[in-house]
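Quick note: the coordinates plus some simple rules give every number you see, no bench work behind them. Every value quoted in this text rests on a predicted model; they were computed, and no experiment measured them. Every residue, glycine among them, receives a Cβ derived from its backbone with ideal geometry; neighbour counts consider all protein chains shown.
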There are 2 protein chains.
Amino acid sequence: MQKKYLNIYNDLVKKIQSNLWSIGELLPSENELASQYETSRETIRKALDLLSQNGYIQKIQGKGSMIIDRNKFSFPVSGIESFTELAGKLELNSRTIVHSIKYLDPNNKSMEFLKTDPHDRVWNVNRIREIDGEKVILDKDYFNDQYLPLLTEEICQGSIYNYIENELGLVIGFAQKEIVVENPTDEDRELLDLEGFSNVVVIRSQVYLDDANLFQFTESRHRPDKFRFVDFARRVKN
Amino acid sequence: MQKKYLNIYNDLVKKIQSNLWSIGELLPSENELASQYETSRETIRKALDLLSQNGYIQKIQGKGSMIIDRNKFSFPVSGIESFTELAGKLELNSRTIVHSIKYLDPNNKSMEFLKTDPHDRVWNVNRIREIDGEKVILDKDYFNDQYLPLLTEEICQGSIYNYIENELGLVIGFAQKEIVVENPTDEDRELLDLEGFSNVVVIRSQVYLDDANLFQFTESRHRPDKFRFVDFARRVKN
DNA sequence: GAGTGGTCTAGACCACTCA
DNA sequence: GAGTGGTCTAGACCACTCT
């Protein structure tokens, strides 16, 4: 950690989370923060932009930076987040069952678009998420093995993202996500405790690395009563 | 339009949309853009940050700014978007039926949190969205009448957002949104063509103005087969 | 009018990629 | 090593809010 604006951002997040300022209060002005942190105003502004993007403050011209209530819908899951991050945050009584880890049948052309090279193979990992003893989420992940050469049950048991980012040093750049409601497949009925629910919520994502290469395709199939998506959106300035 | 970086952003969006560069190609370097647009590099960087946030480019250190495929899931609906914006974009054969416009019963305390002042009243607008002749979405909106004193059937028939932003000059700051799946209410069954679907997808949002005041609460209730949410997420830099 | 955030500049140095 | 984006600075002027 040597980036000043990130240090300042993290420091301010800590202070906000410790309720140093209450909701509706104004942060010290940018000039004041600049002298407090012994830096330039532009650097402070970068830190404040991060706070704003992440829903901690709303900047109001002529007034200041106001602390806003980030938890109106109890927790924010904006952006890219994995099941284990989520489970940890919610302190769910949860368990992951690794159902299968295999290379995709080379005759199966459905995941061709994941390959950067014709010789690449595609991992297919199916995991079942159990919450409070009920099997409610089926995660089907597909990875290009060029980026993920080794994939063990142990890695899949934990957070694959953790492994990718901390062990392999790959950095996630961006993701495109789609949420729709569908009829359960035979596989859903077999692997999940659907209990008469006639729909599943399907989240499909494509995850790209820092260098804009497509890295992963995921299908996360949820029993509808165990699905919840929370989003924080900021209107693009005009 | 006098903000340089916004002009440059809009100009670059236009160029990207006209396929001046194809996917995977690099934009001219920041220094080159700076001399092309006769401005400083920081101003170019602001324009590029906007492109990046909106999913047009991925910046790669040491290489350049790469054009990415913004339309993998056909269209991005990140952020705050209204039904009429969406319908226009998709060219849906759609119709809006204004079912009711009324002040909320003062004895109904459920929307108390919308009021900034005890004397404020709360508008309640119910609209039904018909697509291809089927009633598939029920939008229930609640507004504080301090910001929206007048609400006619004509306004509700079009885009309320349009009216708010262009006629009243209010600016939306941010929104918090929740998506869950629920059982249909009697009202859903009465007003929508549910056709045996046993679930509805409910999107609840709280919309805040530029000055961080809570302005609107919305419940948008969708028949599950007519629901789709698309999101573009960027990993927060670390 | 004093103080706030918003925009813009010109320059510096660093970290990274690629030939 | 040349060229790219990433960070940081110090200063200027503008637009806005509040009293």
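List the lysines whose Cα sits under 26 Å from the Cα of B:K4, skipping any in the same chain fewer than 8 residues away.
A:K46, A:K59, A:K63, A:K237, B:K14, B:K15, B:K46, B:K59, B:K63, B:K237
Could you work out the percent of alpha carbon pairs in the protein assembly as shown separated by over 42 Å, rounded to a whole number?
More than 42 Å apart: 21 percent of the Cα pairs in the protein assembly as shown.
How far apart, in nm, are the 7 Å Cα→Cβ label points at A:H99 and A:D193?
Output for this residue pair reads 1.5 nm.
Binning every alpha carbon pair distance of segment B:101-145 at 5 Å from zero, what are the percents per bin?
With 5 Å bins starting at 0, P(r) equals 5, 22, 26, 16, 11, 9, 7, 4, 1.
How many lysine pairs does segment A:83-226 hold where the Cα atoms are under 20 Å apart and the two sit 8 or more places apart or on different chains?
Within segment A:83-226, the lysine pair count is 11.
Using only C-alpha positions, report the orientation-averaged shadow area of the convex hull of segment B:132-205, nm², one decimal.
6.5
Kindly write out, for segment A:95-111 in residue order, the coupling ³J(HN,Hα) from the Karplus curve 6.51 cos²θ - 1.76 cosθ + 1.60 (θ = phi - 60°), rounded to whole Hz, with x marking Gly and Pro.
After applying 6.51 cos²θ - 1.76 cosθ + 1.60, I find 8, 10, 10, 7, 7, 7, 10, 7, 7, 5, 3, x, 7, 7, 8, 5, 10 Hz.
How crowded by other chains is A:197-204, given as the mean number of beta carbons from other chains within 10 Å of each beta carbon?
So the per-residue partner count for this stretch is 3.
Let me test this: with uniform point scatterers at the alpha carbons of segment A:4-67, what is the Debye-based log₁₀ I(q)/I(0) at q = 0.24 1/Å?
These q points yield log10 I(q)/I(0) values of -1.06.
Under the convention of a label 7 Å out along Cα→Cβ, give the distances in nm from B:K4 to the same position in every other copy, shortest first.
List, nearest first: 2.2 nm.
For A:E112 paired with A:D49, estimate the spin-label separation in nm (one decimal), with each label point 7 Å from Cα along the Cα-to-Cβ line.
4.1
Measure off 7 Å from each Cα along the Cα-to-Cβ vector at A:E25 and B:N19, then give the distance between these two points in nanometres to one decimal.
5.6
Can you give me the Rg/Rh ratio for chain A, using Cα atoms for both radii and the Kirkwood formula for Rh?
Here Rg/Rh amounts to 1.04.
Do the sum for chain B: with -39,500 (n - 2.57) for every DSSP H run of n ≥ 4, divided by all residues, what is the mean residue ellipticity at 222 nm, to the nearest 500 deg cm²/dmol?
Taking each H run of at least 4 residues, the total per residue is -6000 deg cm²/dmol.
What is the helix-to-structure angle for A:4-17, meaning the angle in degrees between its Cα long axis and the longest Cα principal axis of chain A, kept from 0 to 90 and rounded to the nearest 10?
With rounding to tens, the tilt is 90 degrees.
Taking θ = phi - 60°, what integer Hz values does the Karplus form 6.51 cos²θ - 1.76 cosθ + 1.60 yield along segment B:213-226, in sequence order, with x for Gly and Pro?
For segment B:213-226, the Karplus-derived couplings read 8, 5, 10, 8, 10, 10, 10, 10, 10, 10, 5, x, 6, 10 Hz, x marking Gly and Pro.
Along the charge dipole of the protein assembly as shown, which of A:L192, A:N126, B:N19 sits closest to the positive end, that is, farthest toward it, with unit charges on the beta carbon of Lys, Arg, Asp and Glu (+1, +1, -1, -1)?
B:N19
Within a 10 angstrom radius of each residue's Cβ in B:166-176, how many Cβ atoms of other chains show up on average? Whole number is fine.
Partner-chain Cβ atoms within 10 Å, mean over residues of B:166-176: 4.
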